[in-house]
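Working notes for the structure below.
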Amino acid sequence: MEVLYHQQCPSYDINKPPPKPPTHARAQVIDENLSSALILEGDIDLTVGIREVLSSIYTHLQIFTGATHGEEYGLVDDNSWDMLHLKHCFSAGPPPATHPISSQIFAAWEDEYAPDWYNYTSVLPNAKSPKIRALHPTFKVACTQAYVVSLAGAQRLLYEIGSPGVQLDRPIDLVMLRKFSDGVLKGYMVQPSLFGQWKNGNIGDSDIPKDQEWNMEKGSGKNVIKG
């Protein structure tokens, strides 16, 4: 898996045409024919024990997608998953009334690197501590600080987001949110998040300058997943 870093687009005048959406990293996945890539915003910070945590997540992904032959990251075919959300600012699961099956799909396990996550102690009654990590299908999720995208997912994202009728002046994560809740995109999300963001002022600020132009550099993710 490759790791792609990007920084947010600069602010723009609402009286002028909006800038193109941040699709550079996803386009790079397609151009280089990467099976998957971890995409991080430029001010992201990794959790302790990231390799061990990701290893556990991918084991559960393989179970979810039926990767009986150990397919890497559970990518059995182009419909396995589009995105794996590892850091977000909002999430909501599918309503049981309208999604009786997907609302009951989840995996939860003890994770020594997780913060105390009492929300999931009920599903692990024999857990020795509230340090629990969970993985479940994506329904609604906002913010794109850290996520893994598959090759098929990158292709689907560019097609759906760039297709006629999409409001490109809207925040890209909200456009994606609707695509997930409508079932156009398929993904999984991890709770609690694996990543954080550096702050240099208050909770609404980060170390990315407000006038910073789009920038992305490519790094190697081999040691992120495999020790």
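The values are calculated or read from the model by the stated rules, or taken from the named source; none is laboratory data. All figures in this text were calculated on a predicted structure; none of them were measured in a lab. Note: ideal-geometry Cβ built from the backbone for every residue, glycine included; neighbour counts use all protein chains shown.
Residues in segment 74-92 that are surrounded by fewer than 18 Cβ atoms within 10 Å (Cβ to Cβ) and of a type in the set (Gly, Ala, Ser): Ala92 alone.
Restricting attention to segment 171-207, which residues are modelled with pLDDT of 70 or more and part of a loop (DSSP other than H, G, I, E, B)?
Pro171, Asp182, Gly183, Val184, Leu185, Lys186, Pro192, Ser193, Leu194
Would a scan of segment 98-108 turn up a residue that is surrounded by 12 or more Cβ atoms within 10 Å (Cβ to Cβ) and under 19 Å from Phe195 (Cβ atoms)? Scanning segment 98-108, I find no residue that is surrounded by 12 or more Cβ atoms within 10 Å (Cβ to Cβ) and under 19 Å from Phe195 (Cβ atoms), so the answer is no.
The requirement of being of a type in the set (S, T, N, Q) and more than 17 Å from the chain's Cα centre (by Cα) is satisfied by Thr68.
Counting only strands (runs of 3 or more DSSP E) that sit completely within segment 1-112, those holding 1 or more residues that are at pLDDT 90 or above correspond to 83-87, 107-110.
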